[in-house]
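Everything below concerns the one structure shown next.
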Amino acid sequence: MKRHSVLRVVAKLFLPYILLFALYVQFHGDFGPGGGFQAGVIFAAAFILYALIFGLRTAHKVASADLLRILMAAGLLLYASVGIVTMLKGGAYLDYNFLRHDPVHGQHLGILLVELGVGVTVAAVMVTIFFGFADRKNR
Amino acid sequence: MTSEFALIAAPIIPLAAALLVSLSGKIPNLRDSFSVLAGIILFGTVVSIVPDIMAGGRPAFTVVEVMPGLALGFLVEPLGMLFALVASGLWIVTTIYAIGYMRGHEESNQTRFFASFAVAIFASIGVAFASNLLTLFMFYELLTLSTYPLVTHQRTDEAMRAGRVYLGILFTTSICFLLFAVIWTWVITGTTDFTPGGILAGKAEGATVGVLLALFAFGTGKAALMPFHRWLPAAMVAPTPVSALLHAVAVVKAGVFTIMKIVVYIFGISFLASTGSNQWLIWVASATIVLASLVALTKDNLKARLAYSTVSQLSYIVLGAALANQAGVVGGSMHIAMHAFGKITLFFCAGAIYVAHHKTKVSEMNGIGRQMPITLFAFLIGSLSVIGLPPFGGSWSKWFITMGAYEAEQMIPFAILMVSSLLNVAYLLPIVFRGFFLAPKETSDDGHVGHVSDHDGPSPGIWKIGALREAPLFCVLPICMTAFGCLVLFFYASEMHKMLLPLGAP
Amino acid sequence: MDYFGLYNYWIVIFLMMTGFYIVISRDNLIKKLIGLNIFQTSVFLLFITMGKVKGGTAPIINHHFDTYSNPLPHVLILTAIVVGVATMAVGLSLVVRINEAYHTIEEDDIHLVEEEP
Amino acid sequence: MIRENLPALQVVIPLMAAPICILFKNGRAAYGIALAATLFAFGAAISLLTQVLGVGPISYELGGWAAPWGIEYRVDYLSGFVLVLVSGMGVVVQLFSPASIKREIDEEKHYLFHCAFLLCLTGLLGIVITGDAFNVFVFLEISALSSYILISLGKHRRALTSAYQYLIMGTIGSTFILIGIGLLYMMTGTLNMADIAARIGPVATTRTVLAAFAFFTVGVSIKMALFPLHLWLPNAYAYAPSVVTAFLAATATKVAVYVLIRFTFTIFGEHFAFEETPVATLLMPLALIGIVVASSIAIFQKSVKRMLAYSSVAQIGYIVLGVSFVSVTGLTGGIVHLFNHALMKGGLFLAVACVVLRIGSDRIDDFAGLGRRMPVTMFAFVVAGLSMIGVPLTVGFISKWFLIQAAIEKGWWPVAALVLLSSLLAVAYIWRVVEIAYFRKPPEGEDRITEAPVSMLLPMGALILATIFFGLNTEATAGVARQAAEYLMGAVR
């Protein structure tokens, strides 16, 4: 792709906005349509675009397989541990009301953390799947 | 020792023996003395229960309740007492004989043999003392399994085929018919306990009773009722002590014992007689008696002939049960013991002849009595007892069964019993005659038979005194004991009769 | 009966049968997976269809509207889509490895290879 | 605190343990974590079951949302019973696994194995514990996806095609279930099982609900490999790593049967399911044909794993047969057999795993002489095999007893006869192996084969002891199963 300057430039131009949009979908999920699933996929899409244009090796420099693996696990753990914390605070599993002193704040914090966990995992998994197929020939 | 304690100890002893035998496999002498010792202790234990039973006691013991109303338990009553006495008593004798036979014959895998043997006795004691159908069924199946390694002991293709027939028929009948009948009984009555007077009276009627009886009778494949008798001749490939155990002590007797017990304690004889559902069983048993005797006449192989003779004799007991009156039931039960002693003697003799001379065919027996007079004399005694001539035990049981047939006004079975005795004479006594009175064919002076290949040389431990060539002492001694037993039973039959009398109580 | 008014369901059924047919009739392992995907997607449509309320808007509270579509099926389908993606990923990676092991992704050829000793 | 949150923790702990395995990326650490999580799940399941037996069904609201709106976890007699079974088998298989996977799975994939195993366990436990219909689908897919991965870990390349075949069939099955759930939601407007059951009455005779029931039944029949929808099973079991086979055979199809029971009895209600629709007249013949045909096919297999796989298809037939009696006794028989079959089939597959470890093959002919070389393993095989046949003193006998009792109560003699006859087919295929193992001479130069390591023998021995123990003491199995059956049939409500 080295010679396709148009693609490289356009991609470089787009990438920040895609990532930004992903973050918007992620954090606006509390109030409007959006959430971790969608955000994660959009985030991963940006990354996959990057890998397509600039090559797998460069992409791996940004996110190594180990990092992805850790992110994948960390997102899920974040989700699950929120539930554990609510339990420790005396509520049921994932009962965000108990996260903070008053239920409204608790709900806010809870859904934010949970969706963040989902977003991280989904993004990492999507990229991993992509790498899983794309890297296959190199082995 | 209270009889409850004895009851608990009785099944444990052979089980412990099995364990000790398999642990001490490396030291044959120790191993074999364990077997004999356990036999003696077991017999003592079983005998210690007898006075209690004679006095009308019924010691009982429940092991575990499998399901509500469905327990694994033991209870001693006269019939089971008799069977346990026969099984444990003859175990000692058979063990002694087996030691002689196995060593004389240099069989391999003796440890497994004796261990399986002990487990089989454990199962027999369980069958004898079972307090309900479930327990009986469990031990019945265990008996099948534990004798499988014995039947296939020689590991030849022929033994394997026989093992398949053995397992196939016994499993098929017990799972398809017997288990079915047990569960059906449970569904109808809500219990499977053996209860004097039966549990089916008033709960089942008409065709149900007949069908149930058929399921029980044919389901008990070990009773070798025709057409499910094939396994018994097939199992003849086993070493002779096994044949003795199977055909005289444990397996077949467990079969007929089961039928007898079910008729007495599940159906109740008066109920069964009143429904008339027993008629067909009388005919099947009678047919088996005659047909099996006729087949026995055609067999040249000595063990096969004895096997068919066993099929025939077992049906005497089934017939006694099917007659469903006091004389029939008591006679049939007595025949369990009488036939056991007679037939085990015959098998021991067949084995002894094989060990000493490697002869298996009746047609080769000419002149054998001159070399093995003790064995052949015992064979004569056993034959006479099986035929039913005084002063041997078999005469009493046949007498009572015949009485039963007469009382039940069953004249054709009555006649059949007479004819059958003649047939017994026809297939048993010629052997004795050949042995004592015919000159040996194509044998050299030292009794060597030309065509036997593998074990051609004389086996170790054989007596040689002049022209005598008897089997090892360990073989001859048990033969004498059982032959003597046939005689003793004739004189102690009244005790046995007294013990068994409650069975026929209405 | 107003059969035509329920045209969404006709589409669902058409897609479902199409996908199912592809799964059954195609030899190519990838094509099978595509059929499977169409089959699953038709079910998503079924759920979305049943969540639609006539005249309703997206279920976000807003004082201009008082009729909303049922949000629950959407949420369910989000989960089902994720499941679908995961299935597809596993399926495709299996196909890749089958291709490496057998050097073909045609079912008949795989059978041929397997029949060789 | 732990006590009241136990229903959630039951699922969450194994779920959380899975990503931790990924984090460590080390086979040993992953094993430790997986074992700890599985042990916890087992303890939790036992505690839940005792609670249920004491105070009746437990309900747990996830996230504090009340039942019809939020997701409800619900433990009643049946689910408690199946939870104990699934997690218990998980513990046994985990304890057994190290030595076995060392030979059958590449070293660097061990942590993935443990992760997939935990996810599979999570899915199975989730299916059983949840009271929400859609949740069942989600957990079903979690367990299914992870089991595809587990199967594809097998050494032979046919493991891949088997996993693929299973993936296609399994996905169609679970999509059918999803359609059924969707149609149900359409008619009742709720996903909570109890709520659906309460609201289904007025609409029960509509075509939509009938269609839902049809889709659901077919879907779940694929999942539990009911004849003739069993085609995926033999290959999957034959080529998966041995421990995986043991685990899946003991739990996965059982949980599918649980789903069938749960939906037909709790949601649709036995009146609708078995009287309004022809399901009863369909399930029973299929079960019976399955028993006979699959057992017969099993007799002619060359690979022991395949043979046992076909036997599993037949045994599923027994369980479904029990369910299709629609009587307390029949259902008790089905549920008891569900438990008992897991014990004995688990034992059999573990024994085969020991053999595979030592001789590297599961062909019947290669079993020659193993009776002497691996006495403990083969003894375990014989005991579990006897249980398959239904010999007294083993659990198999108890199952058969109930099934036949149910048939006799209904007066269906041919059914009872067929169940008994099919035991003989079991005799044929089990005894084939036993004969070869004990009576055939081993090939020359096989003297170095020794008994499997103790770490494998102990878990297998535990299963074998359980086969005998629960054959003698049926209080814990048949007692609970009867309670569950009565609860499901509405006798005590």
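The values are calculated or read from the model by the stated rules, or taken from the named source; none is laboratory data. The model shown is predicted, which means the values in this text are computed figures rather than measured ones. No Cβ is skipped: glycine too gets one built from the backbone with ideal geometry, and neighbour counts run over all protein chains shown.
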How many residues does region D:383-400 contain that are at the interface with chain B (Cβ under 9 Å from one of its Cβ atoms) and in contact (Cβ under 8 Å) with a residue 12 or more places away in the chain?
8
Matching residues in region A:96-117 - criterion: being of a type in the set (A, V, I, L, M), within 30 Å of A:Val62 (Cα to Cα), buried (at least 19 other Cβ atoms within 10 Å of the Cβ) and within 13 Å of chain D (Cβ to nearest Cβ):
A:Val114
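Mind telling me which of the residues B:Glu158, B:Glu107 ends up being surrounded by fewer than 20 Cβ atoms within 10 Å (Cβ to Cβ) and away from chain D (no Cβ under 13 Å)?
On the way: B:Glu158 fails: away from chain D (no Cβ under 13 Å).
After applying the criteria, what remains is B:Glu107.
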Looking at B:Lys261, B:Lys253, can you tell me which residue is charged (D, E, K, R) and farther than 26 Å from B:Ala350 by Cβ?
B:Lys261
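Sort through B:Thr185, B:Thr220 and tell me the only one that's surrounded by 16 or more Cβ atoms within 10 Å (Cβ to Cβ), within 14 Å of chain D (Cβ to nearest Cβ) and β-branched (Val, Ile, Thr). Break it down stepwise before answering.
Numbers: B:Thr220 fails: within 14 Å of chain D (Cβ to nearest Cβ).
The match here is B:Thr185.
Just for region B:239-279: of the residues that are outside any helix (DSSP H, G or I) and in contact (Cβ under 8 Å) with a residue 40 or more places away in the chain, which one is surrounded by the most Cβ atoms within 10 Å (Cβ to Cβ)? Let's see the steps before the verdict.
Applying the first criterion (outside any helix (DSSP H, G or I)) to region B:239-279 yields B:239, B:250, B:268, B:276-278.
If we keep only those that are in contact (Cβ under 8 Å) with a residue 40 or more places away in the chain as well, we get B:239, B:250, B:268, B:277-278.
Working: B:Pro239: 21, B:Ala250: 31, B:Gly268: 20, B:Ser277: 24, B:Asn278: 26.
Filtering first and then ranking leaves B:Ala250.
Would you check if D:Gly269 is surrounded by fewer than 24 Cβ atoms within 10 Å (Cβ to Cβ) and within 25 Å of the chain's Cα centre (by Cα)? Steps first, answer last, please.
Working: surrounded by fewer than 24 Cβ atoms within 10 Å (Cβ to Cβ): yes; within 25 Å of the chain's Cα centre (by Cα): yes.
Against the criterion (surrounded by fewer than 24 Cβ atoms within 10 Å (Cβ to Cβ) and within 25 Å of the chain's Cα centre (by Cα)), D:Gly269 qualifies.
Can A:Gly110 be described as at negative phi and more than 14 Å from the chain's Cα centre (by Cα)? It would help to see each step written out before you state the result.
Working: at negative phi: yes; more than 14 Å from the chain's Cα centre (by Cα): yes.
Considered against the rule, which asks whether it is at negative phi and more than 14 Å from the chain's Cα centre (by Cα), A:Gly110 comes out as yes.
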Please go through region A:17-41 and give me each residue that is in contact (Cβ under 8 Å) with a residue 24 or more places away in the chain, within 15 Å of the chain's Cα centre (by Cα), within 14 Å of another protein chain (Cβ to nearest Cβ) and assigned to a helix (DSSP H, G or I), ordered by number.
A:Gly29, A:Gly36, A:Phe37, A:Ala39, A:Gly40, A:Val41
Residue match in region D:328-346 (condition: farther than 23 Å from D:Thr467 by Cα, surrounded by fewer than 24 Cβ atoms within 10 Å (Cβ to Cβ) and more than 16 Å from the chain's Cα centre (by Cα)):
yes
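Of B:Ala327, B:Ala337, B:Ala321, which residue is surrounded by fewer than 24 Cβ atoms within 10 Å (Cβ to Cβ), at pLDDT 80 or above and of a type in the set (Gly, Ala, Ser)? Explain how you work it out, then say what you get.
Working: B:Ala337 fails: surrounded by fewer than 24 Cβ atoms within 10 Å (Cβ to Cβ); B:Ala321 fails: surrounded by fewer than 24 Cβ atoms within 10 Å (Cβ to Cβ).
Result of the check over B:Ala327, B:Ala337, B:Ala321: B:Ala327.
Conditions (1) touching a Gly at 6+ places or on another chain (Cβ under 7 Å); (2) of a type in the set (Ser, Thr, Tyr); (3) at positive phi, marked per residue:
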{"site": "B:Gly80", "(1), (2), (3)": "no, no, no"}
{"site": "B:Leu90", "(1), (2), (3)": "no, no, no"}
{"site": "B:Gly126", "(1), (2), (3)": "no, no, no"}
{"site": "B:Phe139", "(1), (2), (3)": "yes, no, no"}
{"site": "B:Arg155", "(1), (2), (3)": "no, no, yes"}
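On the given criteria, is C:Val83 within 9 Å of another protein chain (Cβ to nearest Cβ), buried (at least 18 other Cβ atoms within 10 Å of the Cβ), free of Cβ contacts under 8 Å to residues at least 24 places away in the same chain and in a helix (DSSP H, G or I)? Before you say what the answer is, go through the steps one by one.
On the way: within 9 Å of another protein chain (Cβ to nearest Cβ): yes; buried (at least 18 other Cβ atoms within 10 Å of the Cβ): yes; free of Cβ contacts under 8 Å to residues at least 24 places away in the same chain: yes; in a helix (DSSP H, G or I): yes.
Here the answer is yes, as C:Val83 does meet what is asked.
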Considering (1) within 13 Å of chain C (Cβ to nearest Cβ); (2) outside any helix (DSSP H, G or I), say which one D:Thr205 fails and leave the rest.
(1)
Out of region B:142-155, which residues are at the interface with chain D (Cβ under 8 Å from one of its Cβ atoms) and surrounded by 24 or more Cβ atoms within 10 Å (Cβ to Cβ)?
B:Thr152
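Which ones in region D:416-435 are closer than 14 Å to D:Val352 by Cα and more than 24 Å from the chain's Cα centre (by Cα)?
Of the residues in region D:416-435, the ones closer than 14 Å to D:Val352 by Cα are D:430, D:433-434.
Scanning region D:416-435 gives a single hit, D:Val434.
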D:Gly64 versus (1) in contact with a Gly (Cβ under 7 Å, 6 or more places away or on another chain); (2) without any contact (Cβ under 8 Å) to a residue 60 or more places away in the chain; (3) crowded, with 21+ Cβ neighbours inside 10 Å: which is the lone unmet condition?
(3)
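Away from chain D (no Cβ under 14 Å), part of a helix (DSSP H, G or I) and in contact (Cβ under 8 Å) with a residue 12 or more places away in the chain: does that describe A:Ala74? Explain how you work it out, then say what you get.
Values: away from chain D (no Cβ under 14 Å): no; part of a helix (DSSP H, G or I): yes; in contact (Cβ under 8 Å) with a residue 12 or more places away in the chain: yes.
Criteria not met by A:Ala74.
Of all residues in region B:483-502, which are touching a Phe, Trp or Tyr at 6+ places or on another chain (Cβ under 7 Å) and either surrounded by fewer than 20 Cβ atoms within 10 Å (Cβ to Cβ) or over 14 Å from B:Leu85 (Cβ atoms) (or both)? First the steps, then the outcome.
Within region B:483-502, the first condition is being touching a Phe, Trp or Tyr at 6+ places or on another chain (Cβ under 7 Å), and the residues that meet it are B:485-487, B:489-490, B:493.
Passing the criteria: B:Cys486, B:Leu487, B:Phe490, B:Ala493.
Give the residues of region D:1-41 that are among the small types (Gly, Ala, Ser) and either at the interface with chain A (Cβ under 9 Å from one of its Cβ atoms) or in a loop (DSSP other than H, G, I, E, B) (or both), sorted by residue number.
As a first pass, look at region D:1-41 and keep what is among the small types (Gly, Ala, Ser): D:8, D:17-18, D:27, D:29-30, D:32, D:34, D:36-37, D:41.
Across region D:1-41, the qualifying residues are D:Ala8, D:Ala18.
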Return the pairs, sorted by first residue and then second, in which the second residue is aliphatic (A, V, I, L, M) and not in a helix (DSSP H, G or I), the first residue lies in region C:96-110 and is modelled with pLDDT of 85 or more, the beta carbons are less than 8 Å apart, and the residues are 6+ apart or on different chains.
C:Ile98/C:Ile105; C:Asn99/C:Ile105
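Can you tell me how many residues within region A:81-102 are closer than 18 Å to D:Glu61 by Cα and either in a loop (DSSP other than H, G, I, E, B) or touching a residue at least 24 places away in the same chain (Cβ under 8 Å) (or both)? Give the derivation first.
Taking region A:81-102 and keeping what is closer than 18 Å to D:Glu61 by Cα, we get A:81-99.
With either in a loop (DSSP other than H, G, I, E, B) or touching a residue at least 24 places away in the same chain (Cβ under 8 Å) (or both) added as a condition, the list becomes A:82, A:86, A:89-95, A:99.
Qualifying residue count for the region: 10.
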It is to be established whether one or more residues within region A:57-71 are crowded, with 19+ Cβ neighbours inside 10 Å, out of contact with any Ser or Thr (no Cβ under 8 Å at 6 or more places or on another chain), modelled with pLDDT under 90 and more than 11 Å from every other protein chain (Cβ to nearest Cβ).
yes
Which is surrounded by fewer than 19 Cβ atoms within 10 Å (Cβ to Cβ), under 19 Å from B:Pro239 (Cβ atoms) and among the β-branched types (Val, Ile, Thr), of B:Val93, B:Val36, B:Val63, B:Val47?
B:Val36
Checked against (1) within 19 Å of D:Gly126 (Cα to Cα); (2) of a type outside the set (Ser, Thr, Tyr); (3) more than 20 Å from the chain's Cα centre (by Cα); (4) surrounded by fewer than 24 Cβ atoms within 10 Å (Cβ to Cβ), D:Leu39 satisfies every condition except (3)
